[in-house]
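The values are calculated or read from the model by the stated rules, or taken from the named source; none is laboratory data. Because the structure is predicted, anything quoted here is derived from the model rather than measured. Cβ: placed from backbone, ideal geometry, glycine included. Neighbour counts: every protein chain shown.
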Amino acid sequence: MKKVILAAGILLVSISSVFAQTADEVIAKYVDAIGGKQKWNSLNSLRIEGQIEVQGISIPYTINAVQNMGYRMDAEFQGAKIIEIVTPTAGWSMNGLQGQTALQPMSEEDLKSKVDAIEIQEQLVDYAPKGHTVELLGKDEADGNEYFKLKIVTKQGNEKVHFIDTKTYLIYKTEATVKANGQEVKQEVKFLDYQTLDNGIKMAFKQEMGGMMMMVSKKVTVNPTIDESLLKGN
């Protein structure tokens, strides 16, 4: 009987070890699916031109981003300018639709919720040296498909759960709870229409946010020269 219990214990430890290793195995297959570590690590800057589609309205936008230095989004609708700038230590925004005509500093809370996006090289590539942690939460089903649920906690302390397709190993959607204007808000973003860029990395050209808004990339430029003055606020 003791041998049976011992064998069962060894089996349980073995299963736990395999499960613990699975997170890195899933991540490795995901990184391969989106082009591989080397190609993502060669990404230093990015320019995305596209449009935001919401309630039948299309708002053109441009995002300029430099790895770990910051990003700037510019959009305009009926003459009203919308600007968002995020850097490692500060952020600014202006919403012309709300009558704003000058950049306003972001709160620490808003900056914390957005600052992860300045890491344009895929977060899950070399996640541990970057200060992020991951945990495999098992599998789940959504919209008729099976997904690995992978939680990542970034070095900033932001948590989100990726749903990674068990067949394609691409991220289908991400769920997160963020604080905005003093309130916790649940966010769900679906990643659709994956395309391969000039340098061989693969990105989703459509991001559906909460079923209410779609961000559609029309043109993505890899490693463009970006004027760093664009990342300066007030």
request  = With the condition kept exactly as written, say whether any residue in region 15-23 is closer than 19 Å to Val222 by Cβ, modelled with pLDDT of 50 or more and not β-branched (Val, Ile, Thr).
outcome  = no
Residues within region 58-87 that are closer than 13 Å to Lys232 by Cα and touching a strand residue (DSSP E or B) at 6+ places or on another chain (Cβ under 7 Å), tallied = 12
Flag for Ala75 being surrounded by 15 or more Cβ atoms within 10 Å (Cβ to Cβ), part of a strand (DSSP E or B), within 16 Å of the chain's Cα centre (by Cα) and modelled with pLDDT of 95 or more = no
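Just to be sure, is Met69 surrounded by 11 or more Cβ atoms within 10 Å (Cβ to Cβ), closer than 18 Å to Thr221 by Cβ, at pLDDT 95 or above and touching a helix residue (DSSP H, G or I) at 6+ places or on another chain (Cβ under 7 Å)?
yes
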ask   = Is it the case that Ile120 is under 14 Å from the mean Cα position of the chain (by Cα), surrounded by 15 or more Cβ atoms within 10 Å (Cβ to Cβ) and closer than 26 Å to Leu43 by Cα?
value = yes
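Yes or no, residue by residue, for (1) modelled with pLDDT under 95; (2) touching a His at 6+ places or on another chain (Cβ under 9 Å); (3) farther than 20 Å from Val178 by Cα:
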position: Ala65; (1), (2), (3): no, no, yes
position: Gly79; (1), (2), (3): yes, no, yes
position: Gly96; (1), (2), (3): yes, no, yes
position: Pro105; (1), (2), (3): no, no, no
Matching residues, region 57-101, being small (Gly, Ala, Ser) and under 20 Å from Lys112 (Cβ atoms) = Ala65, Gly70, Ala90, Gly91, Ser93
request  = Would you check which residues across region 134-163 are in contact (Cβ under 8 Å) with a residue 24 or more places away in the chain and of a type in the set (A, V, I, L, M) and list them?
outcome  = Val134, Leu136, Leu137, Ala142, Leu150, Ile152, Val161
task = Quick one: in region 182-234, of everything that is in a loop (DSSP other than H, G, I, E, B), of a type in the set (Gly, Ala, Ser) and surrounded by 12 or more Cβ atoms within 10 Å (Cβ to Cβ), which residue is modelled with the highest pLDDT?
result = Gly200
task = Those residues that are assigned to a strand (DSSP E or B) and either touching a helix residue (DSSP H, G or I) at 6+ places or on another chain (Cβ under 9 Å) or without any contact (Cβ under 8 Å) to a residue 24 or more places away in the chain (or both), I need them from region 79-104; list them, please.
result = Ala80, Lys81, Ile82, Ile83, Glu84, Ile85, Val86, Gly91, Ser93, Met94, Asn95, Gln104
task = Could you list, in sequence order, all residues of region 105-133 that are polar (S, T, N, Q) and in a helix (DSSP H, G or I)?
result = Ser113
task = Go through the residues of region 158-172 one by one and say whether even a single one is modelled with pLDDT of 95 or more, surrounded by 13 or more Cβ atoms within 10 Å (Cβ to Cβ), at positive phi and not polar (S, T, N, Q).
result = yes
